[in-house]
Amino acid sequence: MSRIRGIEAKLIKIQKDRLPDLDSRSNKYVEIKKKNEESFEYKSDVENDQITDLLLKLPKLTKIFDVHKKIGEGTFSSVYLGSLKQHAALPDVQKRWFAIKHLVPTAHPARIEHELRCLRDMGGKDNVIGVELCLRNLDTIVFVMPYIPHRKFSEYLGDMDAEEVRQYMYALLVALRHVHSFGVIHRDVKPSNFLYDRENRRYLLVDFGLAQRASSEPPPAALEAPRKRPRELDECTNDAKRMALDLSLGARGAAAAPVAPRRPFLPKVQIPKHNIPKVNPGACGCAGAGGVCTACAARPAARAPRAGTQGFRPPEVLLKSPRQGTRVDTWAAGVVLASLLTARYPFFRAADDVSALAELADLLGTEPLRRAAHALGRRIVTSSRRRGLCLRKLAARLRGPAPPPAPPPAPPPCAHCRLPAPHCLCRDDARPADAIDAAATVAGFPDAAFALAAKLLEPLPAERYSAQRALDHPFLAAPAPRSGE
Ligand code: ADP
Ligand code: MG
Ligand code: ZN
């Protein structure tokens, strides 16, 4: 494989090493385990056993790499730090380091293949992780990728200044622009998938395990280019397309399926004929009532892709809209920016989709969310109206000192929340959230940073900024003024 450097390997068609027979296997086990335990890094017994087990199941890995310790664990994988065996005698600074991602054996082969193809076709450029090597023996599969040292987001988000936040967001959006130019949605943009080497200001978007073809968008320029597309890219996108279809099976054949009248916004799902309740147009009155009418109860559940991480899902995913595109990722980038501006992580904490929508209504206001839902063919009914919060006020409150108790007589309270001015967090009626006051700073950040957050956290995907538009936004296009300037 042309992308694989310096190491003899075959991608995908990896030679299947046979496992050694039981006796020698147990000898080998003791030998590998002993060597593993003698290595200098501290490891728990469990970690030791996991590494030993991996090395035993994948003899090729043992031949090429020293596996040092576990550096990450996700839902679908464990990630280990590795270095080349041939570099064993070198001092650490001269070694080449790798992240070795061991995929859980229960992961679907199509999913693994798709992740690998995405890494290979898009990776290694524009802050997107590449792959050096893939090894497989039976159901044991590892991706070997360049290693980037990084710390947890929560350890540094509080002390990043405006310029560092600008650079971080710029790097993230460059990575997203690159991925989106292939017509691919990453779907799991969040700090633990965007690794930041703070010392060297290096960034890597990792984890294409949930990546998907953006089916609702026109073919992106990168795929329309006259140059011949690599076959693999075709396969990658086809795979992604297939995956997208699989995830929204319920939407298939919808055109032919009869649906209840007067519900043009309902998800197009196949309803068995005998299940279709006879409803008079407009007869359903359960919205807002305590209960669900039989007509609504008989309706099948909406199905749409919802892969991603709670707290980073945009309204179109929470509302199960089948129309999902690359703006799913720019929303998540907006959540990351909101975290950076307010120094709160996680920014949204809801445990389920309905509570997540309630959190969005709190931040954005019930009306903008209701309008977005309507445009997506969904209806949101809330028991109360929320005006939404002002991210600027929120950041100032969360980062700054607590406001002094209001002196008596208290200033006139806010007409909406009835709190005195310093305590009110309501959205500003007079000034749109995306307006920029070039001279103003809020909580140490230029006003433009909040304006960009408003464009990324736009509930309606069609109006939400793309990665390219975000990169052109004044906050990212120009270096932030130093505080005091
Ligand atoms: P999962 O699909 O299981 O979430 P990821 O690819 O996100 O797997 O990796 C899990 C974790 O492993 C990451 O959050 C990160 O801490 C670590 N990791 C992954 N790739 C690298 C890398 N190239 N360099 C350093 N650490 C990495
Ligand atoms: Mg991950
Ligand atoms: Zn108020």
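Please name whichever of 75, 87, 123 sits farthest to the positive end of the charge dipole of the stretch 59-147, dipole taken about the Cα centre and charges placed at Cβ: Lys and Arg +1, Asp and Glu -1.
Comparing the listed Cα positions along the dipole, 87 ranks first.
In whole angstrom, note down how far apart the Cα centers of the stretch 437-480 and the stretch 290-306 are.
Result: 37 Å between the Cα centres.
Which part of the stretch 418-435 falls in the paramagnetic zone of residue 349, meaning amide N under 19 Å from the point 7 Å along Cα-to-beta-carbon?
Correct set: 425.
Say R0 is 56 Å: what FRET efficiency, to the nearest 0.05, do residue 73 and residue 440 get from their beta-carbon distance?
According to the calculation, E is roughly 0.85.
Take peptides 368-375, 145-152 and line them up by average Cβ neighbours within 10 Å, highest first, as a rough protection proxy.
Averaged packing, sorted descending, gives the order 368-375, 145-152.
Once you charge only the Cβ atoms, +1 for Lys and Arg and -1 for Asp and Glu, what is the size of the charge dipole of the stretch 59-147 about its Cα centre, to the nearest 20 debye? Present the calculation step by step, with values, prior to reporting the outcome.
Numbers: 13 positive and 9 negative charges, 46 e Å.
Dipole about the Cα centre, nearest 20: 220 debye.
Take the alpha-carbon centre of the stretch 46-94, take the same for the stretch 325-386, and report the distance between them in whole Å.
Computed from Cα coordinates, the inter-centre distance equals 40 Å.
Rg and Dmax of the stretch 131-211 over Cα atoms: what are they, in angstrom?
Taking only Cα atoms of the stretch 131-211, I get Rg and Dmax of 14.6, 49 Å.
Quick one: putting +1 on the C-beta of Lys and Arg, -1 on the C-beta of Asp and Glu, what dipole do you get for the stretch 341-452 around its Cα centre, in Debye to the nearest 20?
Working: 16 positive and 10 negative charges, 48 e Å.
That gives a dipole near 240 debye.
What residues have an amide H closer than 5 Å to that of residue 80, excluding those fewer than 5 places away on the same chain, when H is modeled at 1.01 Å from N in the peptide plane?
Long-range HN contacts for residue 80: 71, 100, 101, 102.
Take each of the peptides 160-170, 125-135, 296-306, average the number of other beta-carbon atoms within 10 Å over its residues, and list them starting from the highest.
125-135, 160-170, 296-306
In what sequence, highest mean first, do 395-401, 450-456 appear when ranked by Cβ atoms within 10 angstrom? Don't skip to the answer; put the middle values down first.
On the way: 395-401: 15.6, 450-456: 24.0.
In descending order of packing, they fall as 450-456, 395-401.
Just subtract the alpha-carbon distance of residue 198 and residue 298 from 0.36 nm times their residue separation and send over the number in nm, one decimal.
Once the chain is fully extended between residue 198 and residue 298, it gains 30.7 nm.
When the Karplus curve 6.51 cos²θ - 1.76 cosθ + 1.60 is applied with θ = phi - 60°, which whole-Hz ³J(HN,Hα) does each residue of the stretch 67-83 get, with x for Gly and Pro?
9, 8, 6, 7, 10, x, 8, x, 5, 10, 6, 10, 10, 10, 8, x, 9
Taking the alpha-carbon set of the stretch 59-147, what are its Rg and Dmax in Å?
13.2, 40
Which residues' amide hydrogens lie under 5 Å from the amide hydrogen of residue 132, considering only partners 5 or more residues apart or on another chain, with H built in the peptide plane?
HN-HN under 5 Å from residue 132: 144, 145.
For the stretch 59-147, what does the relative contact order come out to in percent, with C-alpha contacts under 8 Å and a separation of six or more? All intermediate terms of the calculation are to be shown ahead of the outcome.
Working: 143 pairs, mean separation 21.4, N = 89.
Relative contact order comes out at 24 percent.
Bear in mind that the values in this text are calculations on the coordinates, not laboratory data. Owing to the predicted nature of the structure, the values given are computational and were not obtained by experimental measurement. Ideal geometry is used to build each Cβ from the backbone, glycine not excepted, and the neighbour counts take in all protein chains shown.
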